[in-house]
Amino acid sequence: MKKVGSKLALAGMALILLASVGAQAPAAEVKSIAVLVPEQGTDFGWNQQGIEAGRAVAKKYDLKFIPVEGLGYGDIRPTLRELAGDGVDLLILHANGYSESGIEVAQELKVPIAIAGKPDAAKPGLIADCMVDGYEGAYLAGVLAARMTRTGTLGIVVSGEPVPWNTQSAGFVMGAKATKPDIKVVYAVIGPAAFSDAAGGRRVTDLVIAAGADIVFGQGDGSTFGMIEAVETGKARDGGEVWFIDVIGDKSSIDRGHLLTSVVWDLAPIYGAMVEDLRADKFGTRGFRLSLADDSVRLLKTPHIPESVWTEVMAVRAKIIDGSLNVPQVPDAQRVRALMSTVEAAAQ
């Protein structure tokens, strides 16, 4: 009887163990991801960074990658439904304007979707949010610019005043003034939404250079190419060359000797973390943001930067990462303008 009782007890324990294992949700299998962007992924900026990050993550995790380019800014729900119907395991929407459609389709079809700029919409298993903002990297760019300016005047040219541009402009000024308190910063806006206005970018950047800037921090998507033209053809007040600091992408391959650095937004660490969260059944339980710590935002190192200056900038980076230096986010345009020495009128 004792032997029988022991066998029954062991069998009972085995059943309990099996029930416990069965109660745990199995890890999600991820075989494919899609990244959706509004324009072509060859712009050396926002769209290209999203596509390249998706491709890198797919290669790292041995996934099928579906790049969806040139969607524009209209209704993307039919595209999302088609991709979901094809069995794509994770849809990454690389545009703030896609978020509402993504939220709707994720809830409708129960497909995991990553959106941008809607942290309150996160939902476990379905929706993860990413806040894309390189303000900490812009602070480092300000430190670098303050150390390398010859005229003592820096310029900021923006294609509008959306939150990411505002926080980066503020970060740049704060970094520059922390390094050289008496530095002058000229701030100019091409227009309210002049993201693709290359001609306007050149015209306004010419004005900023004429105002004394020998280093220009440009934020502008397509209008950036006009800014670069102005920098390449312009001369600073001291007769020397003008430098350009870019954002988001890496234009080194088309640089003609004036690209000082770029505040690079690398989405690969974030997309990779999304895949890992999905596999671990943690997707949507945390938000994502660009960070110096994982190099998802970083400064581009170019041959134009002296090693001593780069070493100083990297020391400041270490302080931001360990928390001994806090860089505040300033999203409001009026507060950004208040930080500047000179604010140029927007070119309408």
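The length gained on full extension between GLU29 and ARG289, counted as 0.36 nm times the residue separation minus their Cα-Cα distance, comes to 91.1 nm. Taking each residue as 0.36 nm, the span from ALA315 to ARG203 lengthens on full extension beyond its C-alpha to C-alpha distance by 36.7 nm.
If r is the Cβ-Cβ distance from ARG279 to ARG335 and R0 is 41 Å, what FRET efficiency results, to the nearest 0.05? FRET efficiency, ARG279 to ARG335: 0.50. Think of the chain as having a plus end and a minus end, set by charges on the Cβ of Lys, Arg, Asp and Glu; of ALA338, PRO192, CYS130, CYS130 sits farthest toward the positive end of this dipole.
Placing +1 at every Lys and Arg Cβ and -1 at every Asp and Glu Cβ, with all other atoms neutral, what dipole size does the chain have around its Cα centre, in debye to the nearest 20? Spell out each step's value before the answer.
Numbers: 34 positive and 41 negative charges, 246 e Å.
Result for the chain is approximately 1180 debye, rounded to the nearest 20.
By how many degrees, between 0 and 90 and to the nearest 10, does the Cα long axis of helix 135-148 differ from the longest principal axis of the chain? Orientation of helix 135-148: about 30 degrees from the principal axis. Backbone geometry of the stretch 295-311 corresponds, through the Karplus equation with coefficients 6.51, -1.76 and 1.60 at θ = phi - 60°, to 3J(HN,Hα) couplings of 6, 5, 10, 7, 8, 7, 8, 10, x, 7, 9, x, 4, 5, 5, 4, 4 Hz, x marking Gly and Pro. Scattering from the chain was approximated by placing one identical point on each alpha carbon and applying the Debye formula without solvent; log10 I(q)/I(0) at 0.06, 0.10, 0.13 1/Å stands at -0.27, -0.63, -0.97. In summary, the lysines within cross-link reach of LYS301, defined as a Cα separation below 26 angstrom excluding same-chain residues under 8 places away, comprise LYS59, LYS60, LYS177, LYS180, LYS184, LYS235, LYS251, LYS319.
Taking a straight line from the alpha carbon of LYS110, these aspartates and glutamates sit under 12 Å away, with near neighbours fewer than eight places off in the same chain left out: ASP89.
In this structure, the amide hydrogen of VAL297, modeled 1.01 Å from its nitrogen in the peptide plane, lies closer than 5 angstrom to those of ASP266, SER291, LEU292, counting only residues at least 5 positions away or on a different chain. In the chain, a dipole from Cβ-located charges (positive for Lys and Arg, negative for Asp and Glu) runs towards its positive end, and of THR153, GLY239, SER223 it is THR153 whose Cα lies farthest in that direction. In this Cβ point-charge picture (+1 for Lys and Arg, -1 for Asp and Glu), the stretch 196-313 has a dipole of about 180 debye about its Cα centre.
With a Förster radius of 22 Å, plug the Cβ-Cβ distance of ASP322 and LYS301 into 1/(1 + (r/R0)^6) and report the FRET value to the nearest 0.05. Write down the numbers at each step before the final one.
Numbers: r = 21 Å, r/R0 = 0.95.
Efficiency, rounded to the nearest 0.05: 0.55.
Working note: Karplus 6.51/-1.76/1.60 with θ = phi - 60° gives the stretch 160-165 the couplings x, 10, x, 4, x, 5 Hz, where Gly and Pro are set to x.
From the alpha carbon centroid of the stretch 87-111 to that of the stretch 186-236 is 35 Å. Nearest 10 degrees, 0 to 90: what angle lies between the long axis of helix 224-233 and the longest principal axis of the chain (Cα atoms)? Tilt relative to the chain: about 30 degrees.
Near LEU325, the amide H atoms lying under 5 Å from its own belong to ILE320; only residues 5 or more places off or on other chains count, and H is placed 1.01 Å from N. Given +1 at the Cβ of Lys and Arg, -1 at the Cβ of Asp and Glu and no other charges, the dipole of the stretch 298-339 around its Cα centre is 140 debye to the nearest 20.
Values in this text are rule-based calculations from the coordinates and carry no lab data. None of the values given here were measured: they were computed from a predicted structure. So basically every Cβ, Gly included, is an ideal-geometry build from the backbone, and we count neighbours across all protein chains shown.
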